[in-house]
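In what follows, a single structure is set out as structure tokens and then discussed.
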Amino acid sequence: MVSTINALGASAVALNQGEVYTALQMGVIDGWENNPMTVLTFRTFEAKCKYFSWTRHFSIPDMLVAESLS
């Protein structure tokens, strides 16, 4: 993924998910690659992350599995 982002013209760095919010707040990174559900879950829109682009440049499946107990 890092190589792909770099090939698109950015300077990608790999971070643990737990470091992203603080890195955005402090200006260490100025963007973040992820899906809409993760953006909402980790509330990165609160940390100087104003814009979201739905490019689908990576296709990692997100699934919700539910089982009926009745």
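Using the alpha-carbon atoms, what tilt in degrees (0 to 90, nearest 10) does helix 17-26 show relative to the longest principal axis of the chain? So the helix axis and the longest Cα principal axis differ by about 40 degrees. Ligands, DNA and RNA are left out, and with a 1.4 angstrom probe the accessible area of the chain is 86 Å² per residue.
Evaluated over the Cα positions of the chain, the convex hull gives a direction-averaged projected area, one quarter of its surface, of 6.1 nm².
The values are calculated or read from the model by the stated rules, or taken from the named source; none is laboratory data. Everything numeric here is computed off the predicted structure, so don't read it as measured data. Just the protein is used for accessible areas: all its heavy atoms, side chains included, with ligands, DNA and RNA removed. Shrake-Rupley method; radii C 1.70, N 1.55, O 1.52, S 1.80 Å.
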